[in-house]
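Colleague: Questions regarding the structure given below will be posed in turn.
The values are calculated or read from the model by the stated rules, or taken from the named source; none is laboratory data. All values derive from a computational prediction rather than experimental measurement. FYI the Cβ positions are ideal-geometry reconstructions off the backbone, even for glycines, and counts take in every protein chain you see. Heads up: the accessible areas ignore ligands, DNA and RNA and are worked out on the full protein's heavy atoms, side chains in. Shrake-Rupley method; radii C 1.70, N 1.55, O 1.52, S 1.80 Å.
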Amino acid sequence: MGTSAKRRPKVQPSTLALPTQYVDDVISRIGRMFPDMSIELFRPNGTSAVLLVTLGKVLKAIVVMRSLFIDRTIVRGFHENIYTEDRKLDIWSKSNYQAFQKVTDHATTALLHYQLPQMPDVVVRSFMTWLRSYIKLFQTPCQRCGKYLQEGLPPTWRDFRTLEAFHDTCRQ
């Protein structure tokens with residue numbers, strides 16, 4: 001029994017337990033990088049962070065985090081209500097608008113794309129850079145077809161590398 005204990009690999013320390021001050025500093029630096037994007041930090045449970053990201057007068061995104069790991073993102077229109085009846089951020093309800101529902105779906109895909117557990121601060125910065133590319137959601141034509149609207153929707157997909165805008169059907 002003693003020999004099997006010696007063979008077990010050592011568990012790497014988890015980066016899930018980063019100090020809250022470090023997380024706050026990373027978020028603050030990201031906020032300063034993008035003056036057209038405001039980031040408000042809430043800690044409803046004491047440790048978990050919830051970010052309210054306002055992107056110009058286009059959209060608001062609620063980013064739910066555990067330490068520097070993004071759990072989920074909900075995107076809503078700028079004028080949509082983001083609070084529950086008891087004045088807490090509504091992290092569950094989807095947008096009333098199909099365009100922002102699609103951006104929420106794409107944000108979930110982006111979370112899967114921007115995964116680098118060894119450098120969570122880089123992941124958050126990359127995700128926020130990607131999210132910021134929606135600042136001209138309704139003013140940017142699709143890079144493939146050149147149209148501003150297709151089936152009544154703007155190009156809601158953003159390429160992860162180039163940040164170019166595409167309609168869902170044009171991105172393949």
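Colleague: Do we have residue 108 as β-branched (Val, Ile, Thr) and over 14 Å from the mean Cα position of the chain (by Cα) here?
Modeller: Working: β-branched (Val, Ile, Thr): yes; over 14 Å from the mean Cα position of the chain (by Cα): no.
Judged against the criteria, residue 108 is not a match.
Colleague: While we're looking at this one, here's another question. Going through segment 154-172 one residue at a time, which ones are loosely packed, with under 15 Cβ neighbours inside 10 Å and either in contact with a strand residue (DSSP E or B) (Cβ under 6 Å, 6 or more places away or on another chain) or under 19 Å from residue 130 (Cβ atoms) (or both)? Step through it out loud before you land on a result.
Modeller: Initial filter on segment 154-172 (loosely packed, with under 15 Cβ neighbours inside 10 Å): 159, 161-163, 169, 172.
Scanning segment 154-172 gives 159, 161, 162, 163.
Colleague: Report yes if residue 114 is of a type in the set (Phe, Trp, Tyr), under 13 Å from the mean Cα position of the chain (by Cα) and over 20 Å from residue 58 (Cβ atoms), otherwise no. First the steps, then the outcome.
Modeller: Working: of a type in the set (Phe, Trp, Tyr): yes; under 13 Å from the mean Cα position of the chain (by Cα): yes; over 20 Å from residue 58 (Cβ atoms): yes.
In short, yes.
Colleague: Turning to a different aspect of this structure: Hey, can you tell me all the residues within segment 156-172 that are β-branched (Val, Ile, Thr) and not in a loop (DSSP other than H, G, I, E, B)? Quick ask: steps written out before the conclusion?
Modeller: Here is the first cut: in segment 156-172, the ones β-branched (Val, Ile, Thr) are 156, 162, 169.
Answer for segment 156-172, where residues must be β-branched (Val, Ile, Thr) and not in a loop (DSSP other than H, G, I, E, B): just 169.
Colleague: Another one. Look at residue 61 and say whether it is open to solvent by less than 40 Å² (accessible area, probe 1.4 Å), in contact (Cβ under 8 Å) with a residue 12 or more places away in the chain and within 11 Å of the chain's Cα centre (by Cα).
Modeller: Details: open to solvent by less than 40 Å² (accessible area, probe 1.4 Å): yes; in contact (Cβ under 8 Å) with a residue 12 or more places away in the chain: yes; within 11 Å of the chain's Cα centre (by Cα): yes.
Answer is yes for this residue.
Colleague: Just for segment 117-135: of the residues that are over 11 Å from the mean Cα position of the chain (by Cα) and without any contact (Cβ under 8 Å) to a residue 60 or more places away in the chain, which one is surrounded by the most Cβ atoms within 10 Å (Cβ to Cβ)?
Modeller: That would be 133.
Colleague: Out of all the residues in segment 70-82, which are open to solvent by 50 Å² or more (accessible area, probe 1.4 Å) and either within 16 Å of the chain's Cα centre (by Cα) or β-branched (Val, Ile, Thr) (or both)? Break it down stepwise before answering.
Modeller: Our first condition is that a residue be open to solvent by 50 Å² or more (accessible area, probe 1.4 Å); within segment 70-82, this holds for 71-72, 79, 81.
Within segment 70-82, 71, 72 meet the criteria.
Colleague: Before we move on, is residue 95 touching a helix residue (DSSP H, G or I) at 6+ places or on another chain (Cβ under 7 Å), of a type in the set (Ser, Thr, Tyr), more than 13 Å from residue 128 (Cα to Cα) and modelled with pLDDT of 90 or more? Don't jump to the end; show me each part of the working.
Modeller: On the way: touching a helix residue (DSSP H, G or I) at 6+ places or on another chain (Cβ under 7 Å): yes; of a type in the set (Ser, Thr, Tyr): yes; more than 13 Å from residue 128 (Cα to Cα): yes; modelled with pLDDT of 90 or more: yes.
Criteria met by residue 95.
Colleague: Now for a separate question. Residues in segment 88-113 that are without any contact (Cβ under 8 Å) to a residue 24 or more places away in the chain and either open to solvent by less than 20 Å² (accessible area, probe 1.4 Å) or acidic (Asp, Glu) (or both): how many?
Modeller: Summing the residues that are without any contact (Cβ under 8 Å) to a residue 24 or more places away in the chain and either open to solvent by less than 20 Å² (accessible area, probe 1.4 Å) or acidic (Asp, Glu) (or both) in segment 88-113 gives 2.
Colleague: Going residue by residue through segment 98-117, is there one that turns out to be under 25 Å from residue 47 (Cα atoms), at pLDDT below 95, polar (S, T, N, Q) and touching a helix residue (DSSP H, G or I) at 6+ places or on another chain (Cβ under 8 Å)?
Modeller: yes
Colleague: Here are the criteria: (1) open to solvent by 100 Å² or more (accessible area, probe 1.4 Å); (2) in contact with a strand residue (DSSP E or B) (Cβ under 6 Å, 6 or more places away or on another chain). Tell me which single one residue 85 does not satisfy.
Modeller: (2)
Colleague: Take residue 106 and tell me if it is within 23 Å of residue 153 (Cβ to Cβ) and out of contact with any Ser or Thr (no Cβ under 9 Å at 6 or more places or on another chain).
Modeller: Answer is no for this residue.
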